[in-house]
Structure formats: C-alpha cells, structure tokens
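For reference, the structure discussed in these notes is given below.
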Amino acid sequence: MNKMTMLYREGMAELRAENEQLNQRIAELEAAQHWIPVSERLPEDLQSIIVFTKDRKTYIIRFLELYGREGFGSLSDIVTHWMPLPVLPESPNNTQTQTIVYGKEREE
C-alpha cells in the first residue's frame with residue numbers, strides 16, 4: 001500500500017468518525033424536540049410547555065401537576081401531545097430583564 005492510499009484511508013476513517021458523532025448529536029436534538037403523547041406521560045409541575053390539541057392548534061401554557069390531566073386547564077379535554085419549550089437564547093449581556101406576556105411587559 002503506498003503512502004497516498006494510506007493517507008486517504010486515514011482521512012476517510014476520520015471523516016466517518018466525525019460523521020457518526022454528528023449523526024448522534026442530530027438524534028439527541030431530535031429526541032429533545034419531539035411531541036410527547038399525554039397518554040405516555042405528563043409534564044413536570046409548573047413546566048412551561050407547548051401543547052397540541054385535537055383540533056390541530058398549538059398553545060403555550062404552564063402545566064399544573066397538582067391537577068393531573070386537568071393541569072392543562074381549559075384545554076384538558078382536547079390536548080393530545082405536548083413538548084418542552086426550547087431553551088431561551090442568551091441575551092448579549094447574558095441577562096434577561098424583561099419578558100413580554102400577552103403584550104404586557106413584566107420584570108423577571
């Protein structure tokens with residue numbers, strides 16, 4: 001085996017290993033952002049989540065574990081799936097001072 005062939009094979013092996021790592025990371029990210037059926041499990045107490053309903057609508061709510069399935073509030077009878085909210089982006093100065101809620105500003 002000449003030197004060029006050996007270098008080519010080493011390079012291909014490195015690329016395959018890197019590709020495998022990237023595929024594993026993609027799978028992790030996809031698993032973290034999938035819809036969870038309410039029949040499978042319910043969210044944690046006071047967790048802010050996105051819910052999907054029988055009429056194919058989505059809402060952002062805060063779940064109340066104390067009430068079990070009724071913790072979805074007025075949507076309890078129609079919620080079929082939920083997922084956690086994604087992680088908020090970091091602000092430029094690494095602090096978030098305000099959140100807009102239903103068009104109103106409130107301090108964090």
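The values are calculated or read from the model by the stated rules, or taken from the named source; none is laboratory data. The model shown is predicted, which means the values in this text are computed figures rather than measured ones. Note: ideal-geometry Cβ built from the backbone for every residue, glycine included; neighbour counts use all protein chains shown.
Table for the structure above
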{"quantity": "Failed criterion for LEU46 (all others in (1) over 14 Å from the mean Cα position of the chain (by Cα); (2) on the phi < 0 side of the Ramachandran plot hold)", "calculated": "(2)"}
{"quantity": "Answer residue from the range 21-65, given it is among the charged types (D, E, K, R) and in contact with a helix residue (DSSP H, G or I) (Cβ under 7 Å, 6 or more places away or on another chain) and is nearest to LEU75 (Cα to Cα) among those", "calculated": "GLU65"}
{"quantity": "Matching residues, the range 57-74, being loosely packed, with under 14 Cβ neighbours inside 10 Å and in a helix (DSSP H, G or I)", "calculated": "GLU65, LEU66, TYR67, GLY68, ARG69, GLU70, SER74"}
{"quantity": "Residue, modelled with the lowest pLDDT, within the range 18-42, restricted to residues that are part of a loop (DSSP other than H, G, I, E, B) and under 13 Å from the mean Cα position of the chain (by Cα)", "calculated": "GLN33"}
{"quantity": "Residue match in the range 91-105 (condition: assigned to a loop (DSSP other than H, G, I, E, B), out of contact with any Asp or Glu (no Cβ under 9 Å at 6 or more places or on another chain) and at pLDDT 85 or above)", "calculated": "no"}
